[in-house]
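Following: one structure in structure tokens, then a few remarks.
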Amino acid sequence: RVELRAWLVVAVGFAALAASFTARSSLGLAMPTWEAEFGWSRGFISTVAALALVAMAAAAPISGRLVDRHGPRAFIAGGLVLVGAGILATIAMSRPWHLVVAFSALAGLGFGTVAMHVVSTGVARFFTANRGLAIGIATSGATAGQLALMPAVGFVLAVAGWRWGLAGLAVLCLAL
């Protein structure tokens, strides 16, 4: 029973990283559409992505310290809420600064919270034997999860538009 719960933590960690990393990477899928719809340059959109990385880097040591004190559950949940809210706010944007605040600040803080160090800490607490395997499976969500989710997001973007593609990611983050 305890072992089942431990492997459930691995699965949730995998899914959380898959959703978070896919949301972060989705900017590249939406970029051509935003260029056409809003007239924004690739340079501006790339700067927004870079600012999200700065927010992520700033949040990482803080979330790491807080996870040591309080455990990972609330931080993974809170980070997923931040990512989901940031993506929903991105859907509602109409001005360049909206994207900066929604994606770079709000979602960026979530990206720094739903990150490998937080998931690894959560998984490590449940395993003594097979700890490396469990952490490896959970953190592979950052890449393997994208492998599954990015084509789906791209498909929805192509068929229904960028807002629907991002809305699916936001709902996934909030549901997790």
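The values are calculated or read from the model by the stated rules, or taken from the named source; none is laboratory data. Nothing here was measured: the structure is a model prediction, and the numbers come from that model. A quick note on method: Cβ atoms are made from the backbone with ideal geometry, for glycine too, and the neighbour counts reach across all protein chains shown. Surface areas here come from the heavy atoms of the whole protein model, side chains and all, with no ligands, DNA or RNA. Shrake-Rupley method; radii C 1.70, N 1.55, O 1.52, S 1.80 Å.
Return the residue satisfying two criteria in turn: it lies in the stretch 26-56 and is in contact (Cβ under 8 Å) with a residue 60 or more places away in the chain and open to solvent by less than 40 Å² (accessible area, probe 1.4 Å), and of such residues it is nearest to residue 100 (Cα to Cα).
27
I'd like the full set of residues that are small (Gly, Ala, Ser) and open to solvent by less than 40 Å² (accessible area, probe 1.4 Å), limited to the stretch 57-84. If you could, list the steps in order and put the result at the bottom.
The initial filter retains those residues of the stretch 57-84 that are small (Gly, Ala, Ser), namely 57-60, 63-64, 71, 74, 77-79, 84.
Across the stretch 57-84, the qualifying residues are 59, 60, 63, 64, 71, 78, 79, 84.
Hey, does the stretch 120-130 have a residue that's under 17 Å from the mean Cα position of the chain (by Cα), closer than 27 Å to residue 40 by Cβ and either surrounded by 21 or more Cβ atoms within 10 Å (Cβ to Cβ) or not charged (D, E, K, R) (or both)?
No; the residues of the stretch 120-130 include none that is under 17 Å from the mean Cα position of the chain (by Cα), closer than 27 Å to residue 40 by Cβ and either surrounded by 21 or more Cβ atoms within 10 Å (Cβ to Cβ) or not charged (D, E, K, R) (or both).
Let's see how each residue does on (1) free of Cβ contacts under 8 Å to residues at least 24 places away in the same chain; (2) within 25 Å of residue 34 (Cα to Cα):
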site: 128; (1), (2): yes, no
site: 132; (1), (2): yes, no
site: 150; (1), (2): no, yes
site: 160; (1), (2): yes, yes
